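*Asks:* What follows is a single structure, and I will ask about it in a moment.
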Amino acid sequence: MTLPEETGVRGRTRRAILNAAASVLSRRRDATLADIAAGAEVGRSTLQRYFPDREELVSAVIEDCLRLLDESLKAAHIDKGPPLDALRRLVTAMLDAGDQVLFLYGDPRISEAITARGGPDPAAEEIGRLIRRGQAQGVLDPDVSSDWIEHVLWAHVSAGCTAVSRGKLPRHGAASWVIRTLENGIGTRTAP
């Protein structure tokens, strides 16, 4: 269920709860409503005024994370420019939505939520087109499936997001590390 954007205190509180829920649940799937309320710096009763039960909260977080990731991908303009440049912008955009990516990557209900949206996942389709464009132009390995490359992309980005969230990798350096390891794994091989 998509809700119109709220403004003022109510909107900021709702945004704080959704952001905290994505962050807390990406690290601990069994986190309680009290844990999420503490992460949002609101009382549990405040959280429950916005989201009366855990299921409603999780559904709202899924929808919000998908929306935020879609916005990040649109802002990256991955349909423009050379494929490797577009892939780099994509990785950076995905890492900027770190908690949302971790939440989505680790939740089995995501495919149900995408299906409930009434059609194919536009973000996945756009990423698939980028990968196929890179393969056609000879900068991404044409000998592996585009689906596999997409899976590897998500795994690398998720690993980067996890490293940042655990303090193992600086946020400002994560994109370059993920891009380097990703390109070295899916790029075409050049003869020595």
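*Asks:* With touching a Phe, Trp or Tyr at 6+ places or on another chain (Cβ under 9 Å) and touching a residue at least 12 places away in the same chain (Cβ under 8 Å) as the only criterion, which of 128, 160 stands out?
*Replies:* The conditions single out 160.
*Asks:* Going residue by residue through the range 29-50, is there one that turns out to be in contact with a Phe, Trp or Tyr (Cβ under 6 Å, 6 or more places away or on another chain) and under 17 Å from residue 165 (Cβ atoms)?
*Replies:* Checked the range 29-50: no residue is in contact with a Phe, Trp or Tyr (Cβ under 6 Å, 6 or more places away or on another chain) and under 17 Å from residue 165 (Cβ atoms).
*Asks:* How many residues does the range 139-183 hold that are of a type in the set (Lys, Arg), over 17 Å from residue 26 (Cα atoms) and not in a helix (DSSP H, G or I)?
*Replies:* 0
*Asks:* Still on this model: Could you tell me which of the residues 22, 31, 38 is in a loop (DSSP other than H, G, I, E, B) and either touching a Gly at 6+ places or on another chain (Cβ under 9 Å) or of a type in the set (Gly, Ala, Ser) (or both)?
*Replies:* Numbers: 22 fails: in a loop (DSSP other than H, G, I, E, B); 38 fails: in a loop (DSSP other than H, G, I, E, B).
None of the other options fit; the residue is 31.
*Asks:* Please identify the pairs in which a residue from the range 47-64 that is closer than 13 Å to residue 19 by Cβ has its Cβ atom under 9 Å from the Cβ atom of a residue that is modelled with pLDDT under 90 and acidic (Asp, Glu), counting only partners at least 6 apart or on another chain.
*Replies:* 61/107
*Asks:* Across the range 24-42, what is the total count of residues that are surrounded by fewer than 20 Cβ atoms within 10 Å (Cβ to Cβ) and either out of contact with any helix residue (DSSP H, G or I) (no Cβ under 9 Å at 6 or more places or on another chain) or not hydrophobic (A, V, I, L, M, F, W, C) (or both)? Give the steps one after another, and end with the answer.
*Replies:* Narrowing the range 24-42 to residues surrounded by fewer than 20 Cβ atoms within 10 Å (Cβ to Cβ): 27-35, 38, 41-42.
Among the residues that remain, those that are also either out of contact with any helix residue (DSSP H, G or I) (no Cβ under 9 Å at 6 or more places or on another chain) or not hydrophobic (A, V, I, L, M, F, W, C) (or both) are: 27-30, 32, 35, 41.
Within the range 24-42, residues that are surrounded by fewer than 20 Cβ atoms within 10 Å (Cβ to Cβ) and either out of contact with any helix residue (DSSP H, G or I) (no Cβ under 9 Å at 6 or more places or on another chain) or not hydrophobic (A, V, I, L, M, F, W, C) (or both) number 7.
The values are calculated or read from the model by the stated rules, or taken from the named source; none is laboratory data. Here the structure is a predicted model, which is why all the values come from computation and not from measurement. Cβ sites come from the backbone with ideal geometry, for glycine too, and all protein chains shown count toward neighbours.
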